Amino acid sequence: MSGPRPLEGMILGAASSAIQIEGSWDADGKGESIWDRWFHIPGRCKATGDVACDHYHRFQEDVQLLKQIGVDSYRFSVSWPRVMPQGRGPVNQAGLDFYRRLVDLLRKNGIKAAVTIYHWDLPQTLQDLGGWANPDTAAYFRDYAGTLFEAIGRDVDVWITHNEPYVAAFMGHATGRFAPGHRDHSEALAVSHNLLRSHGLAVQAYRDTGLAGKIGITLDYFPASPATDSEADVLAAQRDRESHLGWFADPIFLGHYPAMMWEHYKKKGLVLPRVTLEDLELIRSPVDFLGINYYRSSVARDCPGEDWPLDRTYVPAPGEKAQANYRHQPEKLFEYLRFLNDTYAPKEIMVTENGYGAQETPDRHGRVMDYDRIDYLYRHLEQCIRARENGLPLSAYYVWSLLDDLEWTGGYAHRMGLVRVEYETQERTMKESACWYGRVIRERRLVE
Ligand code: FCB
């Protein structure tokens, strides 16, 4: 193919996570995770991850799908309790072997491995000891990460210590909407500090191995713009950013917690974590990249009288949908990347998730003509190209997700895959978007 190839040199991949696709929640010595526990509470969730996409038994077929699409890299997560059923102590060899076989197969097929060490599935036994609110969990995490570095480290190109620690800390411990379902804002602050410490410990452990891959972290955020240019709305947008992105990115890249939010929490009477200088040094251990998951942008508006500790920054107007502040705005991705580069100067930025969910049914030929998804991906990749043309250090882009999967408390209705999964039969079918993405990867440019 002739003509410019603006995606040349960029890693193009697809992503998944353990709980969302593997199934086999208690097979071959695997321990229970906090999400297994959560899914099994009657009436709590729409579905469980007991079977999911049965990827544990079908990973060979799934690697063939990756190969067929032609991705450069596959991002997946390791289930901690599959590898260490109790979260610490003895390793479950069968669990470790599963990931060994997966990375071997990826390598044989010329696909790079990008491994998320923690995608929210804490071993339940560690939760019983206090979970991430227990400072010792950070050291257990380092040991678990070290086990992975030793077992598969030579074949892994990219390590992501944590996926979206904001969600793990605040949705798991402040709003209670995710496992382990606590509603204690001070606990969420303690948890976030321990997640950050565990990140630093894993980065240092990785450096000690001398392995040549890259290590970083993936943060989520819906970049907020103020609803108006009033000072109150501008401050609301700043609070939104500091409490979500900045609460993690500032300590990692700047060496301190965001000042305004710290004061804000203090004024609200929350217990702030006890932070030592050693902690801050540890958390600031240099990373090779910043990973971001980008889906939508948001609008922040000051909402006086809303007294939830986080401060709601948007109250829908009458007739507006509850989530009206979230918008698909691909061009905000470019602005966000520029903001991240200016503020944190990471060596590289990777978009570790971007994707589109819908309720889909195949047509009468069994095909899924998912043009909305193609349009969404097209418009976001366009912004990635723009970012690179403007000199921003964006090195990778992963579509969420390879397969239709278990979308946490939302169950299986919301399909996000490039590949359709028929859950009754576990049959996989490439959607139109998978074929389109394959052409983009081959030609290294956006195609219609
Ligand atoms: C992100 C999660 C991922 C997936 C997408 C849709 O927040 O990291 O597991 O569920 O949302």
In Å², rounded to a whole number, the accessible area per residue of segment 19-122 with probe 1.4 Å is 36
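Can you work out the FRET efficiency for the pair Thr425 and Val447, with r the C-beta to C-beta distance and R0 = 41 Å, to the nearest 0.05? List each step's numbers first, then the result.
Working: r = 32 Å, r/R0 = 0.77.
Rounded to the nearest 0.05, the efficiency is 0.85.
Going highest first, how would you order 357-367, 35-45 by mean Cβ packing within 10 Å? Mind dumping the intermediate values first?
Numbers: 357-367: 10.9, 35-45: 16.0.
Sorting 357-367, 35-45 by mean packing, highest first, produces 35-45, 357-367.
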Across Glu231, Glu407, Glu335, the residue with the highest GNM fluctuation in the chain (Cα network, 10 Å cutoff) is Glu231
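Out of all DSSP beta bridges with both ends in segment 11-443, state the antiparallel percent to the nearest 5. Show your work: numbers first, answer last.
Numbers: 8 of 45 bridges.
The answer is about 20 percent antiparallel.
Helix-derived [θ] at 222 nm for the chain: sum -39500 (n - 2.57) over DSSP H runs of at least 4, divide by residue count, nearest 500?
On the way: 14 runs with 165 residues, N = 448.
Taken over the chain, the calculation gives -11500 deg cm²/dmol.
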Extend 7 Å from the Cα of Arg177 along its Cα-to-C-beta direction; within segment 314-352, residues with backbone N under 13 Å of that point are 314, 322-326
Largest fluctuation, Val315, Val421, Val299 only, Gaussian network model of the chain with Cα springs under 10 angstrom, belongs to Val315
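Assuming a ≥ b ≥ c are the square roots of the Cα gyration tensor eigenvalues, decide whether segment 173-267 counts as rounded (a/c under 1.5), prolate (otherwise, with a/b larger than b/c) or oblate.
Values: a/c = 2.25, a/b = 1.59, b/c = 1.41.
Since a/c reaches 1.5 and a/b is larger than b/c, the shape of segment 173-267 is classed as prolate.
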Per GNM of the chain with C-alpha springs under 10 angstrom, the most fluctuating residue out of Trp80, Trp408, Trp120 is Trp408
Computed over segment 51-206, the relative contact order (Cα-Cα under 8 Å, seq sep at least six) in percent reads 22
Given pairs Lys108/Lys214; Lys46/Lys266; Lys332/Lys431; Lys112/Lys431; Lys46/Lys108 and cut-off 32 Å on Cα-Cα distance, the over-length ones are Lys46/Lys266; Lys46/Lys108
Low-density loop trypsin sites (Lys or Arg not before Pro), segment 173-237, at most 13 other Cβ within 10 Å, DSSP non-H/G/I/E/B, are Arg177, Arg183
Subtracting the Cα-Cα distance of Gln359 and Lys347 from 0.36 nm times their residue separation yields 0.5 nm
Heavy-atom accessible area of the chain with neighbours in place, 1.4 angstrom probe: carbon+sulfur share in percent works out to 48
Rounded to 0.05, the calculated FRET efficiency for the beta carbons of Ala212 and Ala317 at R₀ = 45 Å is 0.30
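The values are calculated or read from the model by the stated rules, or taken from the named source; none is laboratory data. Source: prediction; values computed, not measured. With ideal geometry, Cβ positions are generated from the backbone for all residues, glycine too; neighbour counts draw on all protein chains shown. Please note that ligands, DNA and RNA were not included when accessible areas were found on the heavy atoms of the full protein model with its side chains. Shrake-Rupley method; radii C 1.70, N 1.55, O 1.52, S 1.80 Å.
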